[in-house]
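As structure tokens, the structure follows; a few thoughts come after it.
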Amino acid sequence: MSLSQIFISSAAIVLFTVVAVPAAQVAAGPTSDANIHLRGAFQNARLRFEQGGKGHVAFIGGSITEMNGYRPKVMAILQRRFPQTEFTFTDAGIASTCSTTGAFRLHDDVLSEGQVDLFFVEFAVNDDQDAHHAYRECRRGMEGIVRHTRRHNPRADIVIVYFINPGMLATWQAGKVPLSVRAHDEVARHYGVSTINLAKETAEQITAGTLTWKRFGGTHPGPIGNTLCATMIDRLMSKAWRTPVAPGAGAIAHPLPDALGTRSYSHGRLIAPDKAQIVRDMAVQTPDWSELAGACRGRFAKSRLLCAEKPGAELTLSFKGTAVGAYVLAGPDAGMVVVSIDGRPERAVNLYHDFSKGLHYPRTVLFDADLEPGEHTMWLRISDKKDPRSKGHALRVLHFVENAAPRP
């Protein structure tokens, strides 16, 4: 998969397109700082930018992160605040993906690029509308991202950003907190991570009549919604960095408390598809997407996948840790697989997703997430059964995934 990195220094000339917007349509920004939550120490990134002259800023999330939205606005804010700093910006946004996929791809897509100084995480919407996660899964994914990042760099400053969709808006307006936000916020409080509750801010402004859903821009926000988010992040920085750095101040490691759950995906990683042992009727190859129904996004078009289309196709996979699954492209012909781990009873897993009808949809399907730590063997076979909406029995694996937690 191809993720983007941008290197910008003070010697670079950066051009931005400025579009004139009528004054009546310009967002007024947050009505207060009530939805901007500064937690724990938040000086390490600032010290790195000011004293080190360099900084690695990363963004992970779904399409809201991948799009030309809040992310480039935050990049511009940082360049304005630290004009002499040479920044590396990592865009690890991948449309449709949830915090589970994020936790498993974190190492390859973000941490492999070097220690992260400032990290923005966005998954509330996709955990809600794409993955339809239960509370446990929302928490396991987000805790996995936070805990893994802090193990990699104990000085990493993290900000979790909550965006919003129509269902979440209705929940806020009913006086309740959406499930994904509650779960992610539990993680944020436990680890002292700062949050930007753009979702609640938006709902409050819409209820007050100072903003409309149309002006905000919808689930994938327009200029007004993204500006509101970036302004809140800018305010967070102002709150944290309002006073000069004390002489001799240095970076401090963030505390790493006991995990909220024993099965969070904090040791998540990807396994190359060719690590599986093919028994029959499978191959690692690049599909001919022109011959298949359904769209394939460009980032995946040249990827080599483990592919199979016939019931009875089999493989085995050795892995470590407490969870195993597959990061798949599930299209109109996505099938069903039967899985057995360490000789235990078989379990059927449907690969087809609600959004598979016209798209080879990227999703992580977990076959078991409650194993004991240690080494395991998985046996997988394509079933002769399938989702009634599917037109085939296909399996197309970008990566297998494991939560390679060591034994206590």
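How many residues does the stretch 129-146 contain that are in contact with a strand residue (DSSP E or B) (Cβ under 7 Å, 6 or more places away or on another chain) and of a type outside the set (A, V, I, L, M, F, W, C)?
1
Got a sec? Which of Gly192, Gly141 is at pLDDT 95 or above, small (Gly, Ala, Ser) and over 23 Å from Ala369 (Cβ atoms)?
Residue meeting the stated conditions: Gly192.
Suppose we filter the stretch 119-150 for residues that are part of a loop (DSSP other than H, G, I, E, B) and closer than 19 Å to Val187 by Cα; how many remain?
The qualifying residues number 5.
Can you name every one of the helices (runs of 4 or more DSSP H) wholly within the stretch 1-118 that holds 2 or more residues which are buried (at least 22 other Cβ atoms within 10 Å of the Cβ) and either at pLDDT 95 or above or in contact with a Ser or Thr (Cβ under 8 Å, 6 or more places away or on another chain) (or both)?
63-66, 70-81, 99-109
Output the number of residues of the stretch 174-216 satisfying the condition of being under 19 Å from Ala134 (Cβ atoms) and in contact with a Cys (Cβ under 7 Å, 6 or more places away or on another chain).
Residues meeting the conditions: 4.
Filter the strands (runs of 3 or more DSSP E) completely within the stretch 308-384 down to those with at least 1 residues that are modelled with pLDDT under 95, surrounded by 19 or more Cβ atoms within 10 Å (Cβ to Cβ) and out of contact with any strand residue (DSSP E or B) (no Cβ under 8 Å at 6 or more places or on another chain).
none
With (1) surrounded by 13 or more Cβ atoms within 10 Å (Cβ to Cβ); (2) under 20 Å from the mean Cα position of the chain (by Cα); (3) part of a loop (DSSP other than H, G, I, E, B) as the list, and Asp387 as the residue in question, which single condition is left unmet?
Just one mismatch for Asp387, condition (2).
Find the residue count for the stretch 166-221, including only residues that are touching a Gly at 6+ places or on another chain (Cβ under 6 Å) and either assigned to a helix (DSSP H, G or I) or not assigned by TED's automatic domain parsing to the domain that holds His37 (or both).
Selection size over the stretch 166-221: 1.
The values are calculated or read from the model by the stated rules, or taken from the named source; none is laboratory data. All values reported here derive from a predicted model rather than from experimental measurement. Counting neighbours? That spans all protein chains shown, and the Cβs are built from the backbone with ideal geometry, glycine included.
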